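Have a look at the structure below, then the notes.
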Amino acid sequence: MLETKVLKLLKGDALDENEELCDFTLADQNEACAAKGVIPIGPSDYVPIIKSTVTYIVLVVLVNSDDEVLMMQEAKSTCAGQWYLPAGRVEPGEDLHEAVKRECLEETGLEMELDTLLLVEVASKAWFRFILTGNIIGGRLKTPGQADRESLQAKWIKNISEVTLRSNDILPLIERGRAYCTHIKNKIRHQWHPRVLPAVKAHKKLLLRLLICAKEKSGNKLNVLVSEKTEAHLPMCEINHNRNLHSTLRKFMTEIFGADVAPHKPHGVLSVEHCGKPETTNDGFCLSLLVTFQSPLEDVFPIGKYNWTAVSPECADFIKQRTIRNMTVPLKVIC
């Protein structure tokens, strides 16, 4: 069962787990703060609600065969005339797939199909941006004569320096999108992570799931950390929306391994689970992250209900492949 779950995560699929398996809830985190004499910075009963208590942004990087990037000219009064990638907020009742396709159509006039996530960005105050790429499958490029409140026009642009950008934050996103498309064009797809698209699965909370791995010094076997709270599952905690994600990860690792947790490396995102339906009811999501220890398993001691479980050589090889550069979806934490 464990290896089945691990392999599903490595494919970007959703796991059939409910939120009652959460090992470190906001209530637990606040209780831990209070025990140390620290005032909690957020409520224990936080509920993510789109356009109210949580913000999801979708942004798409589309590159054609001439290495041109699809861009739109802003219509908003605060940045009218400036250029940006097609992007916008997820609306209530939408999943991430629906939101990015809608934004692309509204702002550029073009219909698209999704290929993969390129990057996930996270900031405090429950702000998340999902950067995706894909292919154009229809529609007509929006002209100045079709300008509306969504955009003034859209163009395929080769040299980004020739236009005035709304923000330079999209430059590394364009670079990553072009790098991915180059890999596809040159048929070296194996040098990039597998296609990972948001899995449509309902969540009521903001959750972080960890695939934590360590190798035995004796026997050289790779082990995965398992929580045995109620039933065996991969460790999962609730994200504190008032802190950055690094803080949540650090506190959860300390909860699992103690204050002297050994050096470890978060590699990147394996999967994103989100649904958004019914409206205002399931506006949470679950982010699964791959973490490996640099120290051997014999020097890493989980506390309490957590235990190491060895996986088969085949499963270990799949995990090892994902620790290589570009083999997970990058997670950028904006402080």
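The values are calculated or read from the model by the stated rules, or taken from the named source; none is laboratory data. All values reported here derive from a predicted model rather than from experimental measurement. Every residue, glycine among them, receives a Cβ derived from its backbone with ideal geometry; neighbour counts consider all protein chains shown. These area figures cover heavy atoms from the full protein model, side chains too; ligands, DNA and RNA do not enter into them. Shrake-Rupley method; radii C 1.70, N 1.55, O 1.52, S 1.80 Å.
Couple of notes before you dig in:
- For the range 135-281: relative contact order, % (alpha-carbon pairs under 8 angstrom, 6 or more apart): 21 percent
- Summary of the geometry: the range 72-139 and the range 1-71, compared by the centres of their Cα atoms, lie 19 Å apart.
- Accessible area in the full protein assembly, largest first, 1.4 Å probe, for V261, V90: V261, V90
- Measuring with a 1.4 angstrom probe and ignoring ligands and nucleic acids, H246 comes out at about 90 Å² accessible.
- Each Cα pair under 8 Å and six or more residues apart adds its separation to the average, and for the chain the resulting relative contact order is 23 percent.
- Virtual spin-label span in nm between K277 and N186, 7 Å along Cα→Cβ: 4.1 nm
- Computed from backbone phi, the HN-Hα couplings of the range 191-199 come to 8, 10, 5, x, 4, 10, 10, x, 7 Hz, rounded to whole numbers (Karplus: 6.51 cos²θ - 1.76 cosθ + 1.60, θ = phi - 60°; Gly and Pro given as x).
- Using only side-chain charges placed at the Cβ, +1 for Lys and Arg and -1 for Asp and Glu, the dipole size of the chain relative to its Cα centre rounds to 780 debye.
- Residues in the range 219-266 average 42 Å² of solvent-accessible surface per residue, probe 1.4 Å, ligands and nucleic acids excluded.
- Accessible surface of D13 - all protein chains present, 1.4 Å probe, nearest 10 Å²: 60 Å²
- In sequence order, the range 318-335 has phi-based couplings of 4, 5, 4, 4, 7, 8, 7, 3, 6, 9, 10, 6, x, 10, 9, 9, 8, 7 Hz under the Karplus curve 6.51 cos²θ - 1.76 cosθ + 1.60, θ = phi - 60°, and Gly or Pro positions carry x.
- Accessible area (Å², 1.4 Å probe, nearest 10) - S295: 30 Å²
- Centroid-to-centroid separation of the range 213-231 and the range 253-319 [C-alpha atoms, Å]: 11 Å
- Across the range 12-164, the mean sequence separation of Cα contacts (distance under 8 Å, 6 or more residues apart), normalised by length, yields a relative contact order of 24 percent.
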